[in-house]
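These notes are about the structure you will find just below.
Every number in this text was worked out from the coordinates using simple rules, so none of it is lab data. Worth saying up front: this structure is predicted, and the values here are computed from it rather than measured. Glycine gets a Cβ as well: all are built from the backbone with ideal geometry, and neighbour counts include every protein chain shown.
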Amino acid sequence: EETLRDLADQRGVFMGTALASHRLGEAQYAETASAEFNSVTHENDLKWEAVQPQRGQYSWAGADRVVDFAEANGQDVHGHTLVWHSQLPSWVSGGGFTADELLAVMDDHISTTMGRYAGRIDTWDVVNEPIGDDARFRDSVFHRTLGEDFVAESLRMARAADPAAELYINDYSIDGVNAKSDAYYDLVVDLLDQGVPLDGIGFQSHLIVGQVPASMRQNIERFTDLGLKVRITELDIRMNVPASQADLERQADDYREVVTTCLEVDGCTGVTVWGVTDAYSWVPDHFDGQGAALPIDESYQPKPAYWAVHEALGGT
Ligand code: G3I
């Protein structure tokens, strides 16, 4: 039987997963991650609080472990993430920096992190979640200190740090056409007009069973029509647990729809699911009573969603 990775390789797309460095010593986890996926994203190990917990004190152990694993297994790495309001150490969020100081802090973080992995990490979520659920810029130290320009500044710093890397903005709840994705559309049109370096947009796609937006294809296309790439960066589809068979079947249809939609649009380059196994998914920790959001269950058994993705990738 071909794995998801085999099928994705044959189609020239990526099929990715999120990895936690502290799980890589577990045989089933590592084997499943390398067999089923041709791309990986650090789930937490590359975030600001992990990489630079104190000013000027970089700590690469977890981030390196994931990159080394990917290289040993011939996988691509997608870099997540550089400028984000969350998992940001308090020396940044509460640092009281002037605009010039904050720009210097950002430039140091971006150039040091991207520089370390230049040639090993080719695509980056440079800015994560700059816009809130109300479709306006989210309050953060970056927005408060620099205004909306923090997005353009971050992207310019990233281009300078690694001119060969592809640069993305990434967010959730922008999978369909809605007020928040409209705000992103306006933002990226504006950035492109200003000549700001931006290669694509990441749709996280943290979805709820039965609620794949009907306008997802139209939404992907309006961004690719601008010449941008689109990636599905953090797909999972949660449900109430214990999962009913009906929900597992519905979830399979939902996964099939998301993967098929991406594959049908030129410029949608692939899909990453946000974890290897339901056993370690972020969902149960963050949503009471929900889970079972990934294609592979707690015992590393393929779910109906797995076979739906398999089929969508051309498996028989
Ligand atoms: O690092 C501490 C550790 O010291 C402590 O012992 C432990 C006890 O709970 O917590 C650890 O922090 C956890 C952290 O992950 C690192 O493992 C936090 O509690 C936990 O809340 C945190 O959750 C992560 C979440 O981002 C935080 O925002 C999830 O694992 C991760 O899957 C999730 O990923 C995000 C993407 O980066 C951006 N898009 C949304 C997505 C889902 O929220």
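Give me, ordered by chain and number, the residues 5 or more places off Glu166 or on other chains with an amide H under 5 Å from its own placed amide H.
The list, which skips near neighbours in sequence, is Thr123, Trp124.
Let me know the shape class of the stretch 1-74, please: from the alpha-carbon gyration tensor, a ≥ b ≥ c as square roots of the eigenvalues, rounded when a/c is under 1.5, otherwise prolate if a/b is greater than b/c, or oblate.
Details: a/c = 3.19, a/b = 2.13, b/c = 1.49.
The shape class here is prolate.
Comparing Val105, Val83, Val92, which has the greatest mean-square fluctuation in the GNM of the chain with Cα pairs linked when under 10 Å apart?
Evaluated over the chain, the most mobile residue of the options is Val105.
Grab the alpha carbons of the chain, take their convex hull, and tell me the volume per residue in Å³. Display every interim value, and only then the final one.
Numbers: hull volume 39.3 nm³, N = 316.
Convex hull of Cα atoms, per residue: 124 Å³.
Among DSSP bridges having both ends in the chain, what percentage is antiparallel? Round to the nearest 5.
15
Testing the spin-label approximation: label points 7 Å from Cα along Cα→Cβ at Glu101 and Asp182. State their distance in nm.
4.0
Residues in the stretch 258-286 near a label at Gln301, defined as backbone nitrogen under 15 Å from the 7 Å Cα→Cβ point?
278-279
Applying 1/(1 + (r/R0)^6) with R0 = 45 Å to the Cβ-Cβ distance of Phe287 and Asp108, what FRET efficiency is obtained, to the nearest 0.05?
Once the sixth-power term is evaluated, E becomes 0.80.
Taking the Cα centre of the stretch 145-237 as origin, work out the dipole magnitude from +1 charges on Lys and Arg Cβ and -1 charges on Asp and Glu Cβ, in debye rounded to 20.
220
Counting only Cα atoms, I'd like the Rg/Rh figure for the stretch 1-157, Kirkwood definition for Rh. Kindly include the intermediate steps, with their values, before the conclusion.
Working: Rg = 17.1 Å, Rh = 16.7 Å.
Across the stretch 1-157, the Cα-based Rg/Rh ratio is 1.02.
Of Phe203, Trp274, Gly132, which is farthest towards the positive pole of the chain's charge dipole, taken about the Cα centre with +1 and -1 on the beta-carbons of Lys, Arg and Asp, Glu respectively?
Gly132
Taking each full run of DSSP H in the chain as one helix, which ones are at least 20 Å long along their axis (Cα atoms) and have mean Kyte-Doolittle hydropathy of at least -1.0?
For the chain, where a helix must reach 20 Å along its axis and average at least -1.0, the hits are 99-116, 179-193, 245-264.
How high is the relative contact order of the chain, in percent, counting Cα pairs under 8 Å that sit 6 or more residues apart?
Working: 603 pairs, mean separation 52.3, N = 316.
Answer for the chain is 17 percent.
Nearest 5 percent is fine: what portion of the DSSP beta bridges confined to the stretch 10-143 is antiparallel?
Within the stretch 10-143, antiparallel bridges account for around 15 percent of the total.
Taking only Cα atoms of the stretch 178-278, what ratio of Rg to Rh do you get with Rh as the Kirkwood inverse-distance radius?
Numbers: Rg = 14.9 Å, Rh = 14.6 Å.
Answer for the stretch 178-278: 1.03.
With unit charges on the beta carbons (Lys and Arg positive, Asp and Glu negative) and the dipole taken about the Cα centre of the chain, which residue among Tyr172, Leu19, Gly147 sits farthest to the positive side?
After comparing all options, I get Gly147.
Using each residue's phi in the stretch 197-208, evaluate 6.51 cos²θ - 1.76 cosθ + 1.60 at θ = phi - 60° and report the 3J(HN,Hα) Karplus result to the nearest Hz, with x for Gly and Pro.
So the Karplus estimates, Gly and Pro as x, are x, 8, 9, x, 10, x, 9, 4, 6, 7, 10, 10 Hz.
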